[in-house]
Amino acid sequence: MLLGTVLAAAPVNAAPADGGHRTTVVRTDLGRVEGLDQGRSSGTYSWLGIPYAQPPVGPLRWRAPVTHRPWQGLRDATAYGDGCAQQGRLFSPAPSGPHYGLDVRDGLDEPVGAEDCLTLNVFRPSTAKKDLPVVVFVHGGSNVVGYSADPMYDGRALARGADAVVVTVNYRLGVFGWLDLPGLKTGDPAGDSGNFGTLDQIEALRFVRRNASVFGGDASNVTVMGESAGAVDVWALMTSPLSRGLMDKAVPLSGGLKFSAPAQARTYAEAFLDEAVGPGGSREEAVRRLRELPADDVVRAQVRLGAAVGDPPAVLADGVVLPADHHDVVRTGRLREMPVLAGNTFEEGKLFGSLVDAYRPTDRERFTKQYFFDPDKPSPFGVRDFIADRYLPADGPGGWNEAAGRLTDSIFTGIVHDSMDSMREAGNEHLYYYQFGWDREPAPFDTVYGAAHAMDLPFVFGTFDEGLFTFAFSHRNEPGRLQLSKLMTESIRAFVHTGRPQHRGLGAHWGRWPHSMVFDATDRSADTRPGSADGRSRG
C-alpha cells in the first residue's frame, strides 16, 4: 500500500474513530496500523504505540530484542504504548499510564511503567510528500527513567516545522536495559553484552530503515537525535558496528561519549542479584529466581541498591555491541563524514540541585508547587522556597549560580566538548554546536532553573502547553519564545535536509565547531548570535 494513495484517501475513506477523530492507515512490514489523521487540527498524521519488538517478558527478559511477529488484520495505533518499567521520578510516566499529570507525584520512587513497552511513535505532516528526512528521537532520563509519551516529546510540531517524519522510541531502562550478569549469558554475543537498551534502540532503527518509505520517509536520510542520556545513547549508536547503515546524521543534545567499564557493570550486577533475591545458595538458583521476579520487585531492588551505590551502569563497553574503546572508533575516521549537531544549555546544572543538596523542598513538594504554579499571576514563591540558604544569595560567592555552574561544567559541557574535539581531530568537518540561553521564566524560576538542562527541548519540539516545564511559559514571554522555537526548529529542518543547520532566519553565520550559535530571547523577540564553545558569556 503506497503512502501517497493511503494518505490522499484517508480524509475521504477513513471514518471517525470512537473518540470522533479521523484515522489513517499504512501497511508496515509487520502489518497494517491505523493512526490518527489530525490534518485539520494539527496538520499531521500520527501512528502511536507501534510494537517494533516482541514484549521482553518471561524468557525474553534480559535477552536481545526479537523482531515483533507480523500481525493479522488492522492494529490500532491511536494511543501511546506503556512506558518501560522504571523507578518513578519527575520525568517518569504516571502510575496510571503513559501520560503526564498530577498523579506523576504518586509514582515518585515507586515502580511505574511496564515490561511490555517496546513501541515507537511516528509523526509526519499531513501531506502526500514522500522521501522526507526521518528524525528518530531517543529520550533522556539517565537511562533509568523516561518515556516516549512524555508530552514534551510530542512530535507533531517538529514534524511540521522540520518537514520530516519524526519517530520517538521506548527502550528498556535501568537493570532491564543494562545488566551484565554472568548467569544470564546464553552464548549469543549481542545478548551477552548486557546492552539490552542499546540493542532495543538498534532494533527500532532497523524497523525505521525497513518501513521509512511507507510513512513517506527516506530510509537513506535518518537522523538520530537524543537528549541527556539519550544523547549518550546517540553517541554510542554512532560507534556501534551494529548500527552501520542505520543512521546518517546525529543530533546529540547535552550528552557525549560516555561508556561504562565492564568491571564496574559486573560488580553492580552481582550486588543487584544479591539485593533482589538475597545472598546465599547457588548462583544458578539465584538467577532463576531473579528471572521469575515480578517487574515491580525488580524495580524496588534497583531503588534499594541505588540508595547505596547509585543508578545501574549503562551503555557498556562490551566489545561487541559497543566498542571496548570508543576513542579508537573515532580515531579510525569511520565517522568522518557523519554530520553532527550537538548542543548544551548555559545552566544545565540547575536541574540537578539534589546532587549538592541545593533544593529545599522534596521532589514531591517541588513537583506540586510547579504543577499548580500559574505563570501569568504574581508568584507566591521566592527563591528561598526552592533553594537552601547555604546557596543564597544565588549570585553571591559560592551561591546557587556558581554551584550550578560547576555541575554544568563537570557533568555536561566537558563531555560534549571532548566528544566534538575527538571528532574534529579525526577529520570530521561537519560538526555544529549550539548553546541555549533562554532564562525568561517568571520569578523565582528564572533563578532556580534559568537555562537548565532539558529546557531547550520544548523549544526544539514546540511543546509549551503540557509537561514538567509549563510553569516557565507565560503570556508575557510568549512572543520571544515562539520566535526562538521557530528558529531552532528551522535549524533542525536545515540540518536534517542538508547536513548544515544554517538558514536565513538566523541572521548570522553558524560556523563549524568549536564555533557555536547562541539561542536566546527576550520576552518580545528571539536573539541569536555566533558564539564559541569555550565562551560562557551570554552577550
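The values are calculated or read from the model by the stated rules, or taken from the named source; none is laboratory data. Predicted model, so just to flag it, every value in this text is computed and none were measured. Every residue, glycine among them, receives a Cβ derived from its backbone with ideal geometry; neighbour counts consider all protein chains shown.
Tabulated values for the structure
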item: Selected residue (only one of Leu74, Leu60, Leu120 is at negative phi, under 22 Å from the mean Cα position of the chain (by Cα), in the same structural domain as Thr198 (by TED's automatic domain parsing) and among the aliphatic types (A, V, I, L, M)); result: Leu120
item: Among residues of the range 41-57, those that are closer than 21 Å to Phe461 by Cβ and over 21 Å from the mean Cα position of the chain (by Cα), counted; result: 5
item: Scan of the range 17-69 for residues that are over 28 Å from Leu173 (Cβ atoms) and charged (D, E, K, R), ordered by number; result: Asp18, Arg22, Arg27, Arg32, Glu34, Asp37, Arg40
item: Some residue of the range 72-80 being free of Cβ contacts under 8 Å to residues at least 60 places away in the same chain, more than 29 Å from Ala164 (Cβ to Cβ) and surrounded by fewer than 23 Cβ atoms within 10 Å (Cβ to Cβ); result: yes
item: Residue list for the range 135-149, filter: more than 24 Å from Asp248 (Cβ to Cβ) and either assigned to a strand (DSSP E or B) or small (Gly, Ala, Ser) (or both); result: Gly141, Ser142, Gly146, Ala149
item: Number of positions in the range 339-360 that are touching a residue at least 12 places away in the same chain (Cβ under 8 Å) and surrounded by fewer than 16 Cβ atoms within 10 Å (Cβ to Cβ); result: 2
item: Conditions (1) among the aliphatic types (A, V, I, L, M); (2) in a loop (DSSP other than H, G, I, E, B); (3) within 26 Å of Asp409 (Cα to Cα); number of the one not met by Val321; result: (3)
item: Among residues of the range 421-454, those that are in contact with a Gly (Cβ under 7 Å, 6 or more places away or on another chain) and farther than 30 Å from His475 by Cβ, counted; result: 4
item: Given (1) within 30 Å of Ala236 (Cα to Cα); (2) surrounded by fewer than 21 Cβ atoms within 10 Å (Cβ to Cβ); (3) of a type in the set (S, T, N, Q), index of the condition Thr413 fails; result: (2)
item: Candidate set: the range 439-461, residues that are in contact with a helix residue (DSSP H, G or I) (Cβ under 6 Å, 6 or more places away or on another chain) and assigned to a loop (DSSP other than H, G, I, E, B); chosen: the one nearest to Arg156 (Cα to Cα); result: His453
item: Restricting the range 105-146 to residues that are touching a strand residue (DSSP E or B) at 6+ places or on another chain (Cβ under 8 Å) and polar (S, T, N, Q), the residue that is surrounded by the most Cβ atoms within 10 Å (Cβ to Cβ); result: Asn143
item: Test result for Gly226, in contact (Cβ under 8 Å) with a residue 12 or more places away in the chain and in contact with a helix residue (DSSP H, G or I) (Cβ under 7 Å, 6 or more places away or on another chain); result: yes
item: Breaking point among (1) without any contact (Cβ under 8 Å) to a residue 60 or more places away in the chain; (2) assigned to a helix (DSSP H, G or I), for Gly306; result: (1)
item: Yes/no for Arg504 being among the basic types (Lys, Arg), surrounded by 18 or more Cβ atoms within 10 Å (Cβ to Cβ) and more than 25 Å from Pro393 (Cβ to Cβ); result: no
item: Residue within the range 330-346 that is farther than 30 Å from Arg500 by Cα and assigned to a helix (DSSP H, G or I) present; result: no
item: Enumeration of residues in the range 55-80 that are part of a loop (DSSP other than H, G, I, E, B) and within 23 Å of Val25 (Cβ to Cβ); result: His68, Arg69, Pro70, Trp71, Gln72, Gly73, Ala77, Ala79, Tyr80
item: Failed criterion for Phe381 (all others in (1) in a loop (DSSP other than H, G, I, E, B); (2) among the hydrophobic types (A, V, I, L, M, F, W, C); (3) in contact with a strand residue (DSSP E or B) (Cβ under 8 Å, 6 or more places away or on another chain); (4) within 30 Å of Asp103 (Cβ to Cβ) hold); result: (3)
item: Options Pro361, Pro313: the member that is of a type outside the set (A, V, I, L, M, F, W, C), within 21 Å of Leu253 (Cα to Cα) and either not in a helix (DSSP H, G or I) or not assigned by TED's automatic domain parsing to the domain that holds Ser410 (or both); result: Pro313
item: Set Ala190, Ala149, Ala162, Ala219: member being under 27 Å from Ala324 (Cβ atoms), of a type in the set (A, V, I, L, M, F, W, C) and not assigned by TED's automatic domain parsing to the domain that holds Val299; result: Ala190
